[in-house]
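The values are calculated or read from the model by the stated rules, or taken from the named source; none is laboratory data. Small disclaimer: the values here were computed from a predicted structure and weren't measured. Ideal geometry is used to build each Cβ from the backbone, glycine not excepted, and the neighbour counts take in all protein chains shown. Accessible surface areas use protein heavy atoms only, side chains included; no ligands, DNA or RNA. Shrake-Rupley method; radii C 1.70, N 1.55, O 1.52, S 1.80 Å.
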Amino acid sequence: MSPKTLYDKIWDAHVAHEADDGTCLLYIDRHLVHEVTSPQAFEGLRMANRPVRAPDKTIAVPDHNVPTTLDRANAATMTEDSRVQVEALDKNAKDFGIHYYPVSDVRQGIVHIVGPEQGWTLPGMTVVCGDSHTATHGAFGALAHGIGTSEVEHVLATQTLIQKKSKNMKVEITGKLRPGVTAKDITLSVIGETGTAGGTGYVIEYCGEAIRDLSMEGRMTVCNMAIEGGARAGLIAPDEKTFEYVKGRPHAPKGAQFEAALAWWKTLYSDDDAQWDKVITIKGEDIAPVVTWGTSPEDVLPITATVPSADDFEGGKVGAAQRSLDYMGLTPGTPLSEIEIDTVFIGSCTNGRIEDLRAAAEILKGKKVAVKRAMVVPGSGLVRAQAEEEGLADIFKEAGFEWRLAGCSMCLAMNPDQLSEGERCASTSNRNFEGRQGYKGRTHLVSPGMAAAAAITGKLTDVRDLM
Amino acid sequence: MDKFETLTGIAAPMPLVNIDTDMIIPKQFLKTIKRSGLGANLFDEMRFDRSGNEIPDFVLNQDAYRSAEILVAGDNFGCGSSREHAPWAIKDFGIRCVISTSFADIFYNNCFKNGILPIALPADAVEVLMKDAEKGANARMTVDLENQTVTTSDGESFSFEVDAFKKHCLMEGLDDIGLTMEKVSSIDTYEAQAAQARPWV
Ligand code: SF4
């Protein structure tokens, strides 16, 4: 048998039909649904009088729009249009008989955090969601990617997706990370290296010692941002850590089924002599704690660097860099560690898991925030409960952070959690696009530890100085 | 879905790289449960000030380009989120074709599901087309999907690549779900086999 990559293996196990030109119907094992990209898809089903083909494989949770303030049970905390979307999901979940975690359920949270937490995401699966950060689930060795609303409807109706195979890219992070360097720094550094279009047309497999050393949560952070590098999906081969994480979760297989699953999961790795269309190797020790200075996730620099000038770039990027600098209100040559911050946001599907909150709390312990506004939005109700149990919530509250309920919140600011014009934020989320966190808001992407450090000093700060 | 065969129309130049989906349709307009009506808010934050007045510099606010049907843009168009609201807004505005050196994967696929043709061409070709678009309303570009060519107002022509299946669906205005339903027996067979092989799924 010819050698295969992990992607090849998962792909081959899911082709339900292949046309002569290579267009395939890829069978989908898990379909995650949220309130913003699904209403038109369910409407389409209703109009065509079609059922959901596999309701038991379809899981819905509202997250993008929901308020994260403690009083959110009060309907008045939501705008009319947000309420309409959440109510539409309530109704669609009920009418079509799919699994559902309503806002009132403690298991509610960001769809990409809830899936793994509940054991819906398992190695070797195909997972899709009408959301680009579906790539997160690749941390389990699942082929996971974002789809548009027409495709959501297609999966609801047929449990398949029309796909052509992508190319294989290997991103190897060798050796050990230095202290203070995290999964977020890895994933941002990779995008800094490849650019936001560098992964277009590829599925990336992350490997190497530094990736193996990461916890499952760190691996989710890495895969989460594969899409920011343009890749269709990011993958990490499952190993003992993966199996350990999955075991005992509510929807993971049990007993003999688990053993049978495990036997297959253990075959899910890229063969030694597998062929790669592109290979990138980065030394773990070369990665520093990084921040973004511009309005594209590829605008990454070590915290020790200075704000670049448009002249440092070439081609179309010259104009883009100038536009970014103007938008971000930055002067070339300024040390990044002198940039003053108004707001700190810790949360999102990139960094809203328990380990992220632990990393931030570690830095914040016994300190006070020096920014105007600081908030922690746990990725799920269960993450929130665990953080309370571990005493992390108290650390955040004593430091001056708002301790919120779960949701997407200021990651995309569809709910009332928004930056105002010119407000500058150190954020653990994944996108620093213009207006992403609020009209004319300014976003610097960082790791949870770096976000905590910025909260304490009021400036972008090298977390290593506070360790 | 609307068919796409040939299109001759005004092309608007947007020589900006990494035009992301948040620029194309900001999130405040995603709170809809319909597909229609989003054209009014296409490029909203670039197109209007906070009071809702047009920003005169923005290309689609210039008289020459108000009825543009083609967009010529910089590298990596449509990066960011999976929101299909982006192609819905583009289509609703009246744009049926976007030309760039490269597109983000999900956006690219979403276009075809909505009767929009995204065309990727080498940088030097996009540069020529950008110049042609800058000539304004009298310069009309022609896109011929059947023959896979884009022709400038001066008659300079470039060939582009497009997946044969996607081209067929776009030219015939075919609905994906209907096409897949024709293969439902393959899905049934696969599902039964997979349930045997991986019963835990
Ligand atoms: S947290 Fe942000 S990136 Fe993640 S699903 Fe929500 S909006 Fe998307």
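Some values worked out for this structure:
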{"quantity": "Any hit, the range B:79-90, residues being outside any helix (DSSP H, G or I), open to solvent by less than 40 Å² (accessible area, probe 1.4 Å), out of contact with any Asp or Glu (no Cβ under 8 Å at 6 or more places or on another chain) and acidic (Asp, Glu)", "calculated": "yes"}
{"quantity": "Selection count, the range A:345-396, where residues are among the β-branched types (Val, Ile, Thr), more than 20 Å from residue A:114 (Cβ to Cβ) and either without any contact (Cβ under 8 Å) to a residue 40 or more places away in the chain or within 16 Å of the ligand (Cβ to nearest atom) (or both)", "calculated": "1"}
{"quantity": "Qualifying residue in the range B:47-68 (condition: surrounded by fewer than 20 Cβ atoms within 10 Å (Cβ to Cβ), under 14 Å from the mean Cα position of the chain (by Cα) and away from chain A (no Cβ under 14 Å))", "calculated": "no"}
{"quantity": "Verdict on residue B:68 being modelled with pLDDT of 95 or more and not in a helix (DSSP H, G or I)", "calculated": "yes"}
{"quantity": "Qualifying residues in the range A:199-252 (those that are in a strand (DSSP E or B) and of a type outside the set (Ser, Thr, Tyr)) - the one farthest from residue A:145 (Cα to Cα)", "calculated": "A:207"}
{"quantity": "Test: residue in the range A:331-347 that is surrounded by fewer than 17 Cβ atoms within 10 Å (Cβ to Cβ) and in contact with a Lys or Arg (Cβ under 8 Å, 6 or more places away or on another chain)", "calculated": "yes"}
{"quantity": "For residue A:230: the one exception among (1) within 16 Å of residue A:126 (Cα to Cα); (2) in contact with an Asp or Glu (Cβ under 8 Å, 6 or more places away or on another chain); (3) not acidic (Asp, Glu)", "calculated": "(1)"}
{"quantity": "Failed item in (1) open to solvent by less than 10 Å² (accessible area, probe 1.4 Å); (2) farther than 28 Å from residue A:289 by Cβ; (3) of a type in the set (A, V, I, L, M, F, W, C), with residue A:225 passing the rest", "calculated": "(2)"}
{"quantity": "When residues of the range B:16-31 are limited to those that are more than 7 Å from every other protein chain (Cβ to nearest Cβ) and crowded, with 18+ Cβ neighbours inside 10 Å, the one farthest from residue A:152 (Cα to Cα)", "calculated": "B:19"}
{"quantity": "Residue tally, condition crowded, with 18+ Cβ neighbours inside 10 Å and over 21 Å from residue A:22 (Cβ atoms), over the range B:149-190", "calculated": "4"}
{"quantity": "Tally of residues being open to solvent by less than 70 Å² (accessible area, probe 1.4 Å) and of a type in the set (D, E, K, R) across the range A:239-257", "calculated": "2"}
{"quantity": "Number of the condition not met by residue A:211 [criteria: (1) in contact (Cβ under 8 Å) with a residue 40 or more places away in the chain; (2) under 22 Å from the mean Cα position of the chain (by Cα)]", "calculated": "(1)"}
{"quantity": "Unique match (being within 22 Å of residue A:428 (Cβ to Cβ) and either touching a residue at least 40 places away in the same chain (Cβ under 8 Å) or away from every other protein chain (no Cβ under 14 Å) (or both)) among A:267, A:331, A:304, A:281", "calculated": "A:304"}
{"quantity": "Criterion: hydroxyl-bearing (Ser, Thr, Tyr), facing another protein chain (nearest Cβ under 10 Å) and open to solvent by 10 Å² or more (accessible area, probe 1.4 Å) - qualifying residue of A:150, A:132, A:82", "calculated": "A:150"}
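Yes or no, residue by residue, for (1) within 16 Å of the ligand (Cβ to nearest atom); (2) within 14 Å of another protein chain (Cβ to nearest Cβ):
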position: A:61; (1), (2): yes, no
position: A:65; (1), (2): yes, yes
position: A:77; (1), (2): no, no
position: A:88; (1), (2): no, yes
position: A:91; (1), (2): no, yes
position: A:105; (1), (2): no, no
position: A:117; (1), (2): yes, no
